[in-house]
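Student: Pasting in a structure now, in structure tokens, and then I'll have a few things to ask.
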Amino acid sequence: MEGTATPIKSGAAGAATFPGSDSRKFNYYDPKGRKSTHYEDMTLDVQPDPDRYLLQDWIINFPDGTPTYSKDWTRCKSVDWHKYRAVDQEWEKTHYQRQSTICGTVQSVIENGRRSGAAARFDKSWVKVLQDHLGAYKHAEFGLGTSLMQAQRYGFTQMINNAILTNSSYKLRFGQDLTLYLGEIGLDIEGGIDKDAGKKHWMEDPIWQGTRRAIEEIMASSDYLEQYIAINVVFEPLVGELFRSGFVLQMAAAHNDFITPSVVSAAEGDYERNLANCVELVHNLLNDQDYSLHNKVIIGEWVEKHAKLAHAAAAQLQPIWSLPRVKVASFPESFDLARNRFNNVLQQCGLPVPAVTA
Amino acid sequence: MSSGLTLNKITAQKGISIAEATSRVADLGWTPTYVQEAETFPTDYKISKVPRDPMKQVLRSYFPMQEEKDNRVYGALDAALRGDMFRNVEPRWVEWMKLFLAIIPFPEISAARAMAMVARLAPGEELRTGFTMQMVDEFRHSTIQMNLKKWYMENYIDPAGFDITEKAFGKCYASTIGRQFGEGFICGDAITSANVYLTVVAETAFTNTLFVAMPSEAARNGDYALPTVFLSVQSDESRHVGNGHSMLMAMINDPSNHLLLERDLKYAFWQNHTIVDAAIGTFIEYGTTNRDKNKESYVELWHRWIYEDYYRTYMLPIEKYGIKIHHDDVAAAWDRLVKKNYVHKIAQFFAVGWPVNFWRIEAQTEKDFEWFEHKYPGWYAEFGDFWKWYGRKSVPGETNMLFDQENGYVYPHRCWSCMCPCVIREDFCVGEVDGKLYTYCSEQCKWTHTVAFQAEYEGRPTPAMGRFKGQRIWEDCYHGWDLADAIKDLGFLRPDGKTITAQPHLRFDQKDMWTLDHVKGHTIQSPLVLIRDMSPADRDKHVAEYRAGFKIKPCNCGNGHHKH
């Protein structure tokens with residue numbers, strides 16, 4: 001027999017039959033459903049774990065002895081961090097497709113709106129609201145995005161970290177969407193839009209200080225799950241959606257503005273997915289075989305802490321509802337909706353509603 | 001349409017300039033006043049200068065651009081299948097992709113995680129968008145590579161090895177070296193790991209051999225998929241090189257950083273050399289069937305990408321800031337590649353260890369010998385017989401190369417720093433840290449462990465510096481194990497539970513395939529355990545003998561074609 005030559009002239013599947021020649025599925029993890037999804041194949045076990053296949057353990061440590069990845073980076077505990085799957089099943093292809101579609105839609109709306117001269121017809125009182133308050137709010141989105149960018153380093157599995165990463169990507173895109181949008185419509189509006197006004201309000205206006213504080217508390221947390229949960233379960237329904245849906249989307253049309261709602265609604269679509277991803281993780285933690293109670297206490301503490309901050313932040317936003325000339329939405333109604341949404345998310349998760357929003 | 005009139009001219013409207021857009025986006029950040037951000041990944045460096053973003057891109061243009069790149073990649077993969085690519089692909093090449101693609105998604109996603117570590121360190125927010133795009137890029141790279149691997153698994157003649165890929169990554173004696181690379185991006189001093197090791201050295205210098213040189217070789221072996229994916233990946237790297245350089249420039253203007261920078265540039269360059277050259281050098285030189293004498297060899301590619309592009313064009317100019325560059329190490333790495341046959345000796349190591357691999361390695365043949373001798377004069381005298389032995393011992397029933405007494409190969413020690421085998425025998429050295437003996441492939445790697453990765457560097461406290469930990473020597477995990485039991489424990493078996501995933505040949509017929517029965521009865525030993533057990537005198541003798549090297553015995557079996 002020849003020692004080296006290969007008698008088979010094709011490298012294609014099926015060209016020969018031998019042990020393993022039909023083993024054409026990743027076989028080292030248990031799919032969540034009956035069959036592996038493409039997302040699972042792209043994601044599972046790429047970040048290794050000494051409890052699974054990492055024979056030689058983590059091979060570099062931080063100076064205090066903490067390994068490259070540590071379960072201690074959150075106060076939550078789990079018997080199986082690998083169980084989690086992101087509900088939106090994103091991997092690179094689907095992420096770019098979705099982000100790119102949003103970029104295209106947003107740009108198209110802005111271009112066509114501007115071409116029709118829409119921005120010049122915006123109500124003057126509304127232009128000032130966009131300049132000062134949508135201008136301020138863009139910083140909140142950026143703060144959430146950078147917090148999540150930080151958090152995606154710490155999760156114990158690829159599934160958790162990638163879900164946080166895509167969430168960060170969405171938030172940072174939206175922060176930039178608002179920034180560029182305000183810059184562009186400013187070109188069409190007499191007197192323009194003061195590009196520094198938003199940041200000034202963000203830093204100094206009492207209306208925004210509660211929100212800035214709530215965001216800074218999230219940024220300062222060193223527990224990545226506290227950050228992830230505080231953002232999606234608490235801040236987003238109580239403040240983010242309140243401002244986006246409860247104010248901008250409702251008020252804009254009455255002030256001749258059909259562009260801003262389209263730009264802003266992209267964030268609502270993003271949030272639906274990120275909320276689902278986060279709730280799935282919370283659900284896993286609250287139903288953990290060993291640590292259900294422990295996690296309930298920890299997450300409950302986080303929710304209470306951040307709900308106080310977010311609730312106070314939301315209350316401070318009230319004067320904004322009085323600024324537009326046509327008052328088609330009232331703050332109490334919007335705030336009620338936000339509280340209901342928040343309470344509903346908590347109930348769906350199986351978490352107690354904190355006193356502040358009860 | 002009249003001349004000079006275009007649709008664009010009719011529809012164009014005034015917009016804000018790129019410079020204005022990036023400056024507004026950079027102004028999204030602020031300095032918190034209610035609560036300070038926790039410094040979670042500390043560094044011993046001081047960064048007081050605001051790094052500039054050289055790329056000036058915003059996410060609104062980034063995402064559509066990337067989607068377009070993706071469309072090309074996935075379109076090309078479909079086209080490759082329609083064009084029956086796998087009918088003409090060289091299995092010798094695709095087999096090595098089982099190793100390469102098991103390793104690379106982890107370093108890629110680690111690079112995404114690394115962005116968390118550098119993003120908060122620099123003052124100002126201008127570079128934040130650059131870091132954001134890099135984070136999403138790396139997510140792209142990791143998952144697009146997983147997709148490529150799945151695609152090979154579904155369409156290539158022998159899927160075994162692809163099917164266990166991430167499990168194999170955690171267990172294999174070779175992929176562990178790649179993990180040192182990936183963990184190096186995200187653990188320890190944040191600047192050392194996420195800036196110098198990752199962006200300044202790995203991405204600026206060595207991705208060119210990884211993602212440019214290797215795809216060329218893939219194409220020569222009928223594999224059009226790897227170039228499609230990896231050249232697309234490489235097109236993102238220029239952004240990352242920009243991020244790295246910008247951070248470097250923000251640090252370099254503070255002289256108190258110079259000592260640390262010199263340390264990290266030296267460590268990162270040397271470890272990138274030992275790891276990347278070992279892996280990519282072997283894939284390019286030994287994974288190919290193309291022996292065109294006009295093509296560049298790995299060392300010629302290295303000279304172009306590492307020596308000219310990185311060392312001369314990128315590194316040397318930073319000397320003007322007062323940084324002492326590791327000239328001697330660049331020369332030493334070059335000598336190791338050209339005079340000391342680093343890649344060839346690594347390929348030998350991969351080959352003798354084949355039973356604990358999860359891919360096939362076939363013997364090199366006359367045609368290969370001819371090319372090697374042409375590109376590396378003297379190669380045949382040193383390595384010809386080895387590959388003849390390997391061809392001869394590729395038949396089930398023969399004694400596995402590693403344990404065979406006939407061929408004269410001596411299994412190498414492992415390096416505690418880079419985890420590569422200490423294959424350049426004369427460079428082998430030992431050292432002690434906290435009273436414990438360690439082995440190293442080179443004086444530079446010994447310096448990395450004993451001097452660089454410590455709490456103090458040249459009298460300066462370095463409290464943020466990482467430490468080498470874990471079961472760093474793979475052979476320690478299986479010291480005293482029977483080879484068959486170790487393979488079983490690794491899980492490197494085909495679905496029948498007895499045929500070994502790896503094979504020392506490309507023969508796709510069950511009767512030619514090795515099973516556990518063919519390898520049992522041999523005991524794995526860890527060279528580190530053995531040397532630690534030696535008396536000082538025996539140890540000195542052993543080190544001297546090891547450094548003297550070994551000679552492969554003549555194989556009178558005729559060009560690797562042994563008749564049975």
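The values are calculated or read from the model by the stated rules, or taken from the named source; none is laboratory data. Computed from a predicted model, the values in this text were never measured in an experiment. Positions of Cβ are generated from backbone atoms using ideal geometry, with glycine treated the same way; all protein chains shown enter the neighbour counts. For accessibility, only protein heavy atoms count, side chains too; no ligands or nucleic acids. Shrake-Rupley method; radii C 1.70, N 1.55, O 1.52, S 1.80 Å.
Student: By the gyration tensor of its Cα atoms, with a ≥ b ≥ c the square roots of the eigenvalues, what is the shape of the stretch B:1-139: rounded for a/c under 1.5, prolate for a/b over b/c, or oblate? It would help to have the intermediate numbers written out before the result.
Tutor: Details: a/c = 3.68, a/b = 1.17, b/c = 3.14.
Taking the square roots of the gyration eigenvalues as a ≥ b ≥ c, the stretch B:1-139 is oblate.
Student: Sticking with this structure for a sec: Suppose R0 equals 35 Å; then what is the FRET efficiency for A:GLU204 and B:LYS324 from their Cβ-Cβ distance, rounded to the nearest 0.05? Spell out each step's value before the answer.
Tutor: On the way: r = 48 Å, r/R0 = 1.36.
Approximately 0.15, to the nearest 0.05.
Student: May I ask for the accessible area buried between chains A and B, both sides summed, probe 1.4 Å, to the nearest 100 Å²? Before the final figure, lay out the partial values.
Tutor: On the way: alone 17640 and 23470 Å², together 30760 Å².
Heavy-atom accessible area buried at this interface is about 10400 Å².
Student: If you don't mind, there's one more thing I want to ask. Enter the mean number of other protein chain beta carbons within 10 Å of the beta carbon of each residue in B:131-137, as an integer. Don't skip to the answer; put the middle values down first.
Tutor: Numbers: counts 3, 10, 2, 0, 7, 11, 1.
Mean partner shielding for this stretch: 5.
Student: Please list 3J(HN,Hα) in residue order for the stretch B:101-112, calculated via the Karplus relation 6.51 cos²θ - 1.76 cosθ + 1.60 where θ = phi - 60°; whole Hz, with x for glycine and proline.
Tutor: 7, 6, 7, 5, x, 6, x, 4, 6, 4, 5, 5
Student: If each residue of separation counts as 0.36 nm, what is the full-extension length gain between B:TYR34 and B:ASP533 once their alpha-carbon separation is subtracted? Let's see the in-between values first.
Tutor: On the way: separation 499, 0.36 × 499 = 179.64 nm, distance 5.82 nm.
Computed gain between B:TYR34 and B:ASP533 is 173.8 nm.
Student: Still on this model: Under a cut-off of 12 Å between alpha-carbon atoms, report the aspartates and glutamates in cross-link reach of A:LYS199, not counting same-chain residues fewer than 8 places apart.
Tutor: In chain and number order, the partners are A:ASP132, B:ASP27.
Student: What value, in deg cm²/dmol to 500, does the helix sum -39500 (n - 2.57) over DSSP H runs of n ≥ 4 give at 222 nm once divided by the residues of chain A?
Tutor: Dividing the helical sum by the residues of chain A leaves -17000 deg cm²/dmol.
Student: Once you order the gyration tensor axes a ≥ b ≥ c over the Cα atoms, which shape class does the stretch B:175-246 get: rounded for a/c under 1.5, otherwise prolate or oblate by comparing a/b with b/c?
Tutor: It is oblate, given that a/c is not under 1.5 and a/b is not larger than b/c.
Student: Per-residue mean of other chain beta-carbon atoms within 10 angstrom of the beta-carbon, peptide A:99-111?
Tutor: Details: counts 8, 10, 3, 3, 9, 4, 0, 1, 3, 0, 0, 2, 4.
Rounded to a whole number, the mean comes out at 4.
Student: Right, another one. What residues from the stretch B:32-53 fall in the zone where the backbone N is under 12 Å from a label point 7 Å along the Cα-to-C-beta line of A:SER222?
Tutor: It comes to B:37-42, nothing else.
Student: Let me ask another. Any idea how far apart B:LYS339 and B:ALA455 come out in nm if each label point goes 7 Å out from Cα toward Cβ?
Tutor: 4.1 nm
Student: On to the next question. What 222 nm value per residue comes from the helices of chain B, counting each DSSP H run with n ≥ 4 as -39,500 (n - 2.57) and dividing by all residues, nearest 500 deg cm²/dmol?
Tutor: Numbers: 24 runs with 263 residues, N = 564.
Using -39500 (n - 2.57) per qualifying helix, the result is -14000 deg cm²/dmol.
Student: For A:LYS93, which aspartates and glutamates qualify as cross-link partners when the Cα separation must be under 12 Å and same-chain residues fewer than eight apart are set aside?
Tutor: B:GLU67, B:GLU68, B:ASP70, B:ASP137
Student: Something else about it: Quick one: what are the phi-derived ³J(HN,Hα) couplings along the stretch A:48-59, Karplus 6.51/-1.76/1.60 with θ = phi - 60°, whole Hz, x for glycine and proline?
Tutor: With coefficients 6.51, -1.76 and 1.60, one gets x, 8, x, 7, 10, 10, 7, 3, 9, 6, 5, 10 Hz.
Student: Could you list which residues have their amide H under 5 Å from that of B:LEU493, counting only those 5 or more apart in sequence or on another chain, with H placed in the peptide plane?
Tutor: B:THR501
Student: Could you report the stretch B:78-141's accessible area per residue, 1.4 Å probe, as an integer in Å²? Mind dumping the intermediate values first?
Tutor: Working: 1290 Å² over 64 residues.
Accessible area per residue: 20 Å².
Student: For a quick protection proxy, order the peptides B:9-18, A:305-314 by their average other-Cβ count within 10 Å, most packed first.
Tutor: Numbers: B:9-18: 10.9, A:305-314: 23.0.
My ranking of the peptides, most packed first, is A:305-314, B:9-18.
Student: Please list, or write none, the lysines whose alpha carbon is within less than 22 Å of the alpha carbon of B:LYS553, excluding same-chain residues fewer than 8 places away.
Tutor: Within the straight-line limit of under 22 Å, B:LYS553 reaches these lysines: B:LYS339, B:LYS340, B:LYS345, B:LYS367, B:LYS388, B:LYS393, B:LYS563.
Student: Moving on to the next point. Can you give the FRET efficiency to the nearest 0.05 for B:GLU68 and B:LYS9, using r as the Cβ-Cβ distance and R₀ = 25 Å? Numbers along the way, then the final one.
Tutor: Working: r = 24 Å, r/R0 = 0.95.
That gives a FRET efficiency of 0.60.
Student: Using θ = phi - 60° and the Karplus form 6.51 cos²θ - 1.76 cosθ + 1.60, what ³J(HN,Hα) does each residue of the stretch A:247-258 get, whole Hz, x for Gly and Pro?
Tutor: 10, 4, 5, 7, 8, 4, 4, 5, 10, 6, 10, 9
Student: Once a ≥ b ≥ c are taken as the square roots of the eigenvalues of the Cα gyration tensor of the stretch B:59-477, is the result rounded (a/c under 1.5), prolate (a/b larger than b/c) or oblate (a/b not larger than b/c)? Don't jump to the answer; show the numbers that get you there.
Tutor: Numbers: a/c = 1.71, a/b = 1.18, b/c = 1.45.
Verdict is oblate for the stretch B:59-477.
Student: Would you mind getting the accessible area per residue of the stretch A:197-282, heavy atoms of the protein chains only, 1.4 Å probe, in Å²?
Tutor: Details: 1930 Å² over 86 residues.
Roughly 22 Å² per residue, with all protein chains present.
Student: In addition: Given points 7 Å out from each Cα along the Cα-Cβ axis, report the A:ILE189 to B:LYS295 separation in nanometres with one decimal.
Tutor: Taking the simple label geometry, A:ILE189 and B:LYS295 are separated by 6.0 nm.
Student: What is the distance in Å between the Cα centres of the stretch B:206-231 and the stretch A:291-305?
Tutor: Cα centres, the stretch B:206-231 to the stretch A:291-305: 49 Å.
Student: When ranked by the protection proxy of mean other Cβ atoms within 10 Å per residue, highest first, what sequence do the peptides A:122-135, A:234-247, B:303-316 form? Walk me through the numbers before you get to the answer.
Tutor: Numbers: A:122-135: 21.0, A:234-247: 25.3, B:303-316: 17.2.
Ranked by mean Cβ neighbours within 10 Å, highest first: A:234-247, A:122-135, B:303-316.
Student: Please give the FRET efficiency for B:MET249 paired with B:LYS367, using the beta carbon to beta carbon distance and R0 = 35 Å, rounded to the nearest 0.05.
Tutor: Numbers: r = 49 Å, r/R0 = 1.39.
Taking R0 as 35 Å, the efficiency between B:MET249 and B:LYS367 is 0.10.
Student: B:GLU443 versus A:SER125, label points 7 Å from Cα toward the beta carbon: distance in nm?
Tutor: 8.0 nm
Student: Ok, one more. Using a 1.4 angstrom probe on the protein heavy atoms only, line up B:GLU262, A:GLU190 by accessible area, largest first.
Tutor: Values: B:GLU262 45, A:GLU190 165 Å².
The ranking, largest first, comes out as A:GLU190, B:GLU262.
Student: Give me the percent of accessible area attributable to carbon and sulfur for the stretch A:78-349, probe 1.4 angstrom. It would help to have the intermediate numbers written out before the result.
Tutor: Working: 4270 of 8340 Å².
Answer for the stretch A:78-349: carbon and sulfur cover 51 percent of the accessible area.
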